[in-house]
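Below is one structure; the comments refer to it alone.
The values are calculated or read from the model by the stated rules, or taken from the named source; none is laboratory data. Please read these numbers as outputs of a predicted model, since none were measured by experiment. All Cβ positions, even for glycine, are placed from backbone atoms using ideal geometry, and neighbour counts span all protein chains on display.
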Amino acid sequence: MSALLNRAEFVPQAARDDDFRSPDSVQRKMYDLSTLLPTYTGKPTKGGRTTREVLGAFLERPEEMNALAARLRAGVESREKPPIGSANAIDTDWESDVDTPEADYEAEEGSPLLVRHYRRERNRTIRKHKLAAVKAAGLPVACEVCEFHFGTTYGQVGDGYIEVHHVLPLHASGPTITKLADLALLCSNCHRMIHRARPWLTPEELRERLA
């Protein structure tokens, strides 16, 4: 793992010291992670907030995080360097702007890419408190726009699931103190529609359009 991390280009060579991602430091970080596992019965080490957030993500979304880790490893091992900071680095819009589509068109996909980007920090604990507050109030864990309920539609696999949306986008607010009232519960479709609009719609505005 130490050798793999030293091959990665997340941190410029000029910014690294002699002990950068050394075997000892990697071993210590792995120990920090292991002591935070729910099954660990000893006293946890002080691994820091990022360590707790990373482990929390793996525990909550193991398939997604393991797939991401595999792509990162493959990208480092292949030393692929996709465009960084470009809007065209990853195509996330599934709409087509092709005027005359070809029925037999083919495209190569699936190659691993190593991508670096900035992401606004989010606090996962407040999401749990939001859901707990909704349940404590006797309200359903359902979309606040269209009232879609994942558990009703998908059964046990959807029970308790919902997406939590910042009504005021973090990219607009910048570093801020988020209150439970600043969050809205949305289904995947309504969440996508809010983010698709420019500027973003509020849940109330999307509810009016739906009506």
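Beta carbons closer than 6 Å, at least 6 apart along the sequence or on distinct chains, pair a first residue in region 1-13 that is surrounded by 12 or more Cβ atoms within 10 Å (Cβ to Cβ) with a second that is part of a helix (DSSP H, G or I) for MET1/VAL26; SER2/PRO23; SER2/VAL26; LEU4/VAL76; ALA8/VAL76. Considering the conditions (1) in a helix (DSSP H, G or I); (2) polar (S, T, N, Q); (3) at pLDDT below 85, THR92 is excluded by exactly one of them, (1).
Scanning region 159-179 for residues that are touching a residue at least 24 places away in the same chain (Cβ under 8 Å), surrounded by 13 or more Cβ atoms within 10 Å (Cβ to Cβ) and of a type outside the set (D, E, K, R) returns ILE162, VAL164, HIS165, VAL167, PRO169, LEU170, THR178. Based on what the data block shows, is ALA211 within 18 Å of ARG127 (Cβ to Cβ), out of contact with any Leu (no Cβ under 9 Å at 6 or more places or on another chain) and loosely packed, with under 13 Cβ neighbours inside 10 Å? So ALA211 does not fit the description; no. Considering (1) closer than 23 Å to THR125 by Cβ; (2) at pLDDT 85 or above; (3) among the charged types (D, E, K, R); (4) not in a helix (DSSP H, G or I), the lone condition that ARG21 does not fulfil carries the number (1). Selection over region 30-52 of residues that are surrounded by fewer than 11 Cβ atoms within 10 Å (Cβ to Cβ), over 24 Å from the mean Cα position of the chain (by Cα) and not charged (D, E, K, R) gives a count of 3. Checking each residue in region 163-211 for being touching a His at 6+ places or on another chain (Cβ under 8 Å) and assigned to a strand (DSSP E or B) picks out GLU163, HIS165, LEU183, ALA184, LEU185, LEU186. With respect to the conditions (1) at pLDDT below 95; (2) out of contact with any helix residue (DSSP H, G or I) (no Cβ under 9 Å at 6 or more places or on another chain), ASN123 lacks only one, and its number is (2). When restricted to residues that are among the small types (Gly, Ala, Ser), part of a loop (DSSP other than H, G, I, E, B) and more than 22 Å from LEU206 (Cα to Cα), region 132-161 contains 3.
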